[in-house]
Amino acid sequence: EAQRHRVFYPERSRTMAPRADARINGEAGQVSVTLIQAQAALKLGRNLFILNGCFDQPNVTWPAKLEARGAIRVTEFEQILATLRKREAHAPAAHR
């Protein structure tokens with residue numbers, strides 16, 4: 001049953017991206033619905049955080065590619081909180 005519905009995963013991922021102000025990627029294959037959602041988040045201007053350990057995998061190129069497009073490499077949770085606080089401080093009052 002799940003195999004039959006796999007064709008909907010990419011579209012579901014694109015639909016989920018606008019539902020959050022930020023996204024954190026910890027792991028993903030070179031081709032995955034996780035990366036589809038990450039790319040959609042960047043396209044929508046959402047913060048995309050990538051855990052530093054993802055950059056240490058020699059056969060995985062997506063972290064560097066997404067960082068070049070605006071994703072934020074994080075080594076500490078405080079980096080995420082600081083970025084979100086800064087974004088919130090600059091958000092229009094209607095969006096708070």
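The values are calculated or read from the model by the stated rules, or taken from the named source; none is laboratory data. Quick caveat: nothing in here was measured; it's all calculated off a predicted structure. A quick note on method: Cβ atoms are made from the backbone with ideal geometry, for glycine too, and the neighbour counts reach across all protein chains shown. In case anyone asks, the SASA skips ligands and DNA or RNA and just uses the protein heavy atoms, side chains included. Shrake-Rupley method; radii C 1.70, N 1.55, O 1.52, S 1.80 Å.
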When every residue in the stretch 44-66 that is under 23 Å from Ala91 (Cα atoms) and over 10 Å from the mean Cα position of the chain (by Cα) is compared, the one least open to solvent (accessible area, probe 1.4 Å) is Gly45
Filter the stretch 48-68 down to residues that are within 11 Å of Leu35 (Cβ to Cβ), in a helix (DSSP H, G or I) and of a type in the set (A, V, I, L, M), then give me how many there are.
1
Could you please tell me which pairs satisfy a Cβ distance under 9 Å, a separation of 6+ or placement on different chains, a first residue in the stretch 62-81 that is under 12 Å from Asn52 (Cβ atoms), and a second residue that is of a type in the set (Asp, Glu) and surrounded by 15 or more Cβ atoms within 10 Å (Cβ to Cβ)?
Arg73/Glu67
